[in-house]
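Colleague: Mind having a look at this structure? Questions to follow.
The values are calculated or read from the model by the stated rules, or taken from the named source; none is laboratory data. Bear in mind that the values here come from a model prediction, so they are computed numbers and not experimental data. A quick note on method: Cβ atoms are made from the backbone with ideal geometry, for glycine too, and the neighbour counts reach across all protein chains shown.
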Amino acid sequence: MSALESRMPPVAFVQTPGARIAYYEVGPRQGVPVIFCHGFPELAFSWRHQLRAFEAAGRWAIAPDQRGYGKSDCPKAVEAYDVEALTGDLVALLDHLGIAQAVFCGHDWGGIVVWQMALRHPERVAGVIGVNTPFMPRSPADPIELMRRRFGEDMYIVNFQKPGEADAILDGDVAKAMNFFMRRPLTDTPPAAGGLSGDAPAAEEGSPQTTFALLKMLQMWDPSFDPRPALLDDQEMAAFVESFEATGFTGGINWYRNFTRNWERSAHIVDKVDHPSLMIMAELDAVLPPSAADGMESYVPNLDRVLIKGSGHWTQQEKPEEVNHAVLDWMNRRFPT
């Protein structure tokens, strides 16, 4: 039995309009469930600690492998991964399980998706939990062009726009890539400015600063010289490696290739989330630092906040007990059984 099979509930599937989606479910089917949405490069497996905690607490929870990941389908068309499709999958999951409303909890890219659920399908959302990922209002211009001018061509989100390039690098050595990504932060290193957060200083005109050149860093990376502690045990790492060796990274990268499309198709949406919301911030996240959530109350007025100290980017895996406590405490207060 693999680590994924031994540490996750049985897998189930739902056919959505554009993909067959795998999901994992725990707890009694009563009350308001939580839908846990992972980011890049992760899986429903990233929420294994939270699923166990919810099951122990008698709470209903579901974690899908979102489209392009794990046991879910990986459509070929890039536009099949726009935010309309990603939120549509979650609506189809609700319909399949007979759920009127759910709390959506998302980390990293999954955080973007759950905030968009509140904007695009507010009637299906009871509440929102952002893990590291704050609500980000629509940018004043194409976000890829803004990132290109500010951070340069090597910034990973900009680089991901090149067809096939990042895919080939990551797929070429999945074990190396996952070992590079899945590390704990150095506790004495302050978080850097993240590409999505807008915290970095603007570059001088005509000379964008290179920030988060992750693919170049990966190509030069030698684990024997990396002081960051490993995050996963051998079995957990094997679960990720086996999954991405089977699927490749293209499905997940295609989410990034829809930044411009998502921006173009969202001009009509009002940037306001009225649902009860929780923002879980990680003290040492280099990509999405706590300061990225500054001013969120302007867009999300019904907001609670929790800071997880000592955590880097992979918060629900780095500090599972703290995250479990924060989420369950908030659920018990906001949505008591």
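Colleague: Look at region 155-170 and say how many of its residues are farther than 16 Å from residue 248 by Cβ and assigned to a helix (DSSP H, G or I).
Modeller: Qualifying residue count for the region: 4.
Colleague: Looking at region 155-167, can you tell me whether even one residue there is surrounded by fewer than 22 Cβ atoms within 10 Å (Cβ to Cβ), touching a strand residue (DSSP E or B) at 6+ places or on another chain (Cβ under 6 Å) and in contact (Cβ under 8 Å) with a residue 40 or more places away in the chain?
Modeller: Checked against the condition, which is being surrounded by fewer than 22 Cβ atoms within 10 Å (Cβ to Cβ), touching a strand residue (DSSP E or B) at 6+ places or on another chain (Cβ under 6 Å) and in contact (Cβ under 8 Å) with a residue 40 or more places away in the chain, region 155-167 yields no hits at all.
Colleague: Within region 290-315, how many residues are assigned to a loop (DSSP other than H, G, I, E, B), surrounded by fewer than 23 Cβ atoms within 10 Å (Cβ to Cβ) and not acidic (Asp, Glu)?
Modeller: So the answer is 6.
Colleague: I would also like to ask the following. The conditions are (1) outside any helix (DSSP H, G or I); (2) surrounded by fewer than 18 Cβ atoms within 10 Å (Cβ to Cβ), and residue 136 fails exactly one of them. Which is it?
Modeller: (2)
Colleague: Go through (1) free of Cβ contacts under 8 Å to residues at least 40 places away in the same chain; (2) closer than 22 Å to residue 320 by Cβ for residue 113 and report which single condition fails.
Modeller: Here residue 113 clears every test but (1).
Colleague: Across region 140-154, what is the total count of residues that are surrounded by fewer than 18 Cβ atoms within 10 Å (Cβ to Cβ) and part of a helix (DSSP H, G or I)?
Modeller: Qualifying residue count for the region: 4.
This table checks each residue for (1) surrounded by fewer than 24 Cβ atoms within 10 Å (Cβ to Cβ); (2) within 25 Å of residue 336 (Cβ to Cβ); (3) modelled with pLDDT of 95 or more.
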| site | (1), (2), (3) |
| --- | --- |
| 52 | yes, yes, yes |
| 61 | no, yes, yes |
| 76 | yes, no, yes |
| 80 | yes, no, yes |
| 85 | yes, no, yes |
| 93 | yes, yes, yes |
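Colleague: Within region 316-337, can you find the residues that are among the polar types (S, T, N, Q), surrounded by fewer than 17 Cβ atoms within 10 Å (Cβ to Cβ) and in contact (Cβ under 8 Å) with a residue 24 or more places away in the chain?
Modeller: If the condition is that a residue be among the polar types (S, T, N, Q), surrounded by fewer than 17 Cβ atoms within 10 Å (Cβ to Cβ) and in contact (Cβ under 8 Å) with a residue 24 or more places away in the chain, then 337 is the only one that fits.
Colleague: Okay, moving on. All but one of (1) at negative phi; (2) out of contact with any His (no Cβ under 7 Å at 6 or more places or on another chain) hold for residue 66; state the number of the condition that does not hold.
Modeller: Failed condition: (2).
Colleague: Quick check: anything in region 328-335 assigned to a loop (DSSP other than H, G, I, E, B), aromatic (Phe, Trp, Tyr), over 20 Å from the mean Cα position of the chain (by Cα) and more than 28 Å from residue 78 (Cβ to Cβ)?
Modeller: yes
Colleague: Report, ordered by the first and then the second residue, all pairs with beta carbons closer than 6 Å, sequence separation of six or more or different chains, a first member in region 214-227 that is in contact (Cβ under 8 Å) with a residue 60 or more places away in the chain, and a second member that is surrounded by 14 or more Cβ atoms within 10 Å (Cβ to Cβ) and assigned to a helix (DSSP H, G or I).
Modeller: Going by the 6 Å Cβ cut-off, the qualifying pairs are 215/159; 215/166; 215/169.
Colleague: For region 8-27, how many residues meet the condition of being in a loop (DSSP other than H, G, I, E, B) and either surrounded by fewer than 19 Cβ atoms within 10 Å (Cβ to Cβ) or not β-branched (Val, Ile, Thr) (or both)?
Modeller: Counting residues in region 8-27 that are in a loop (DSSP other than H, G, I, E, B) and either surrounded by fewer than 19 Cβ atoms within 10 Å (Cβ to Cβ) or not β-branched (Val, Ile, Thr) (or both) gives 7.
Colleague: Here's a follow-up. Go through region 117-126 and report how many residues are buried (at least 24 other Cβ atoms within 10 Å of the Cβ) and out of contact with any Leu (no Cβ under 7 Å at 6 or more places or on another chain).
Modeller: The number of residues fulfilling the criteria is 1.
Colleague: Restricting the search to region 270-294, which residues are of a type outside the set (Gly, Ala, Ser) and touching a strand residue (DSSP E or B) at 6+ places or on another chain (Cβ under 7 Å)?
Modeller: Matches in region 270-294: 273, 275, 276, 278, 279, 280, 281, 283, 290.
Colleague: Now a separate question. Any residue at all in region 279-288 that's in contact with a Gly (Cβ under 8 Å, 6 or more places away or on another chain) and under 20 Å from residue 86 (Cα atoms)?
Modeller: No: region 279-288 contains no residue that is in contact with a Gly (Cβ under 8 Å, 6 or more places away or on another chain) and under 20 Å from residue 86 (Cα atoms).
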